[in-house]
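Peer 1: Here it is, the structure, as structure tokens.
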Amino acid sequence: MKRASSGGLVYSTESGRMCPDCRQALTQCQCKQAARAVPAGDGIARVSRETKGRGGKSVTVVKGLHLDAMALAVLGKQLRTACGSGGTVKDGVIEVQGDHCDRIIDVLTQSGHRAKRAGG
């Protein structure tokens, strides 16, 4: 018989599924919201170009922004639109396909963020 490491209640007929960390109903759980709140960052956007693990294709990466998940997604959409290319936002990092470092730094400074070029 396999048990959860913390043990305890995982389902209640009164409130449904239970959070294993805080032992509250999932509808009242604060654990996930606290984890998604704001990623660590100093507020300075560091813009760099990476090619590792992408088959030689370059991607412009923006790290270090002190924004929550929704604001980061909106900013990622604005940057992709300004560059006219695709990309994604994951783990607090904005990735835009192609080499668009200068254009992204311009857009970030116009929108009020501090941005600097990182890497070579």
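Peer 1: Among the listed residues 10, 74, 38, 59, which satisfies the condition of being at pLDDT 90 or above and either farther than 28 Å from residue 119 by Cα or surrounded by 13 or more Cβ atoms within 10 Å (Cβ to Cβ) (or both)?
Peer 2: Values: 10 fails: at pLDDT 90 or above; 74 fails: either farther than 28 Å from residue 119 by Cα or surrounded by 13 or more Cβ atoms within 10 Å (Cβ to Cβ) (or both); 38 fails: at pLDDT 90 or above.
Criteria check complete, one pass: 59.
Peer 1: A further question follows. Which residues, counting only those in the stretch 100-120, are surrounded by 16 or more Cβ atoms within 10 Å (Cβ to Cβ) and part of a loop (DSSP other than H, G, I, E, B)?
Peer 2: 100, 113, 118
Peer 1: Ok, one more. Restricting the search to the stretch 60-91, which residues are touching a Gly at 6+ places or on another chain (Cβ under 7 Å) and outside any helix (DSSP H, G or I)?
Peer 2: Matches in the stretch 60-91: 60, 64, 65, 66, 85, 87, 89.
The values are calculated or read from the model by the stated rules, or taken from the named source; none is laboratory data. This is a predicted model, so every value here is computed, not measured. Every residue, glycine among them, receives a Cβ derived from its backbone with ideal geometry; neighbour counts consider all protein chains shown.
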